[in-house]
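J.: Handing you a structure now.
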Amino acid sequence: MARVTVINDSPEFLRLMRDILDDLGHRMTGFQAVETSIEDVVASQPQLLIVDLRLQDKPQEISGWELIILARSHRGLQNVPIILCTADVWELKKRATDLEQIAGVHVITKPFELDDMCSLVQTLLAEPGTRLEGIS
Amino acid sequence: MSPARRAHLQLRLVEIAYRHRSASMNGEQLERLRVRSEAILDAMPISPDAKFRERLRLFRLELRPIA
């Protein structure tokens, strides 16, 4: 069982991801973007992060992109794999060059095939260095 | 995960993705979202559950482009 933290501005998406991750046998911590600080994310001790690219409704709220940059700058999250979800392929294209510079970020565009997300989650959590609870 | 459970989760995924962002998207973005959503729904096996089929039918109506 792994700890997966999901940050998204949609409560429905958070509920759905909890159902999916429960089915995969993992424990999810969910944050709605407006409430989230990087320290909250660190405290959840994630082994995988799932972040939406577009989080903020207001300019003063953190964006998914900013969250990724902060995560890669924080000692507690530097090596945690990140799945970046987005329906905004145009914003993704704008960020393409920047994304290439950041290690460990895997992109999945919405709407995605359930099997693709499940496969990606399981693959990233099975990578060397990811220590799962209950497994010696 | 049973096929019924998988279908239910997949439909929820598509519904949420479409409804959460469609209001803020321009025509091109919305068309991409619509086409992608329909492709995923087209690939789903036919469900024996009549309620699920009805829900799917209603969502497909929602996806239809406005003439």
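The values are calculated or read from the model by the stated rules, or taken from the named source; none is laboratory data. Values in this document were obtained by computation on a predicted structure and should not be read as measured data. In this analysis, Cβ positions are derived from the backbone assuming ideal geometry, glycine residues included, and neighbour counts consider all displayed protein chains. Side chains included, ligands, DNA and RNA excluded: accessible areas come from the protein's heavy atoms. Shrake-Rupley method; radii C 1.70, N 1.55, O 1.52, S 1.80 Å.
J.: For region B:12-67, how many residues meet the condition of being closer than 24 Å to A:ILE20 by Cβ, hydroxyl-bearing (Ser, Thr, Tyr) and part of a helix (DSSP H, G or I)?
T.: Result for region B:12-67: 3.
J.: Of the residues that sit in region B:1-58 and are β-branched (Val, Ile, Thr) and closer than 22 Å to A:ASP52 by Cβ, which one is farthest from the other protein chains (Cβ to nearest Cβ)? Step through it out loud before you land on a result.
T.: Filtering region B:1-58 for residues β-branched (Val, Ile, Thr) gives B:14, B:16, B:35, B:40, B:46.
With the extra rule that they be closer than 22 Å to A:ASP52 by Cβ, the set shrinks to B:14, B:16, B:35, B:40.
Values: B:VAL14: 5, B:ILE16: 5, B:VAL35: 11, B:ILE40: 6 Å.
Selected residue: B:VAL35.
J.: Being surrounded by 12 or more Cβ atoms within 10 Å (Cβ to Cβ) and over 24 Å from A:SER10 (Cβ atoms) narrows it down to one residue among B:ASP49, B:ASP42; which is it?
T.: B:ASP49
J.: While we're looking at this one, here's another question. Consider only pairs whose beta carbons are under 7 Å apart and that are at least six residues apart or on different chains; among these, list those whose first residue lies in region A:110-136 and is within 26 Å of B:HIS8 (Cβ to Cβ) and at pLDDT 75 or above and whose second residue is of a type in the set (Ser, Thr, Tyr) and open to solvent by 10 Å² or more (accessible area, probe 1.4 Å).
T.: A:PRO111/B:TYR18
J.: With respect to A:ALA103, determine if the residue is touching a residue at least 24 places away in the same chain (Cβ under 8 Å) and open to solvent by 60 Å² or more (accessible area, probe 1.4 Å).
T.: yes
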